[in-house]
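J.: Let me give you the structure first, and then I'll get to my questions.
The values are calculated or read from the model by the stated rules, or taken from the named source; none is laboratory data. This one's a predicted model, so the numbers in the text were calculated from it and none came from an experiment. Positions of Cβ are backbone-derived with ideal geometry, glycine not excepted, and every protein chain shown enters the neighbour counts. Heavy atoms of the whole protein, side chains included, go into the accessibility calculation; ligands, DNA and RNA do not. Shrake-Rupley method; radii C 1.70, N 1.55, O 1.52, S 1.80 Å.
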Amino acid sequence: QVQLVESGGGLVQPGGSLRLSCAASGITLSLNTVRWYRQAPGKEREFVATFTSVGNTNYADSVKGRFTISRDNAKNEVYLQMNSLTPGIRAVYYCRAQRVFDFWGRGTQVTVSS
């Protein structure tokens, strides 16, 4: 059974940092394209960042220069380092792994507030 489990969310002050983790079981993340998305209440889910199987990365314009996606093959995890977090952000962050099939985690809540 494939599982993606996000963690690392929480409450952070504006300008602060968080590192989200996406831990996988049942699949090998290094063989998949892994993406992070986020969804704020009442809004559509939006793309945040990509880490391809060959190590290419891509980011939404809104997070470029502040967020970094990375992967640890030994741990079978993908991370999203988020710096300079914008005040007022309240969203659930999801990871997604795609290759032949498409898997989503259940998300981790991030709230940026003072």
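J.: Could you tell me whether residue 12 is open to solvent by less than 30 Å² (accessible area, probe 1.4 Å) and within 19 Å of residue 97 (Cα to Cα)?
T.: On the way: open to solvent by less than 30 Å² (accessible area, probe 1.4 Å): yes; within 19 Å of residue 97 (Cα to Cα): no.
Answer is no for this residue.
J.: For segment 28-58, name all the residues that are in contact with a Leu (Cβ under 9 Å, 6 or more places away or on another chain) and either of a type in the set (Lys, Arg) or buried (at least 17 other Cβ atoms within 10 Å of the Cβ) (or both).
T.: The answer is 29, 34, 36, 48, 49, 51.
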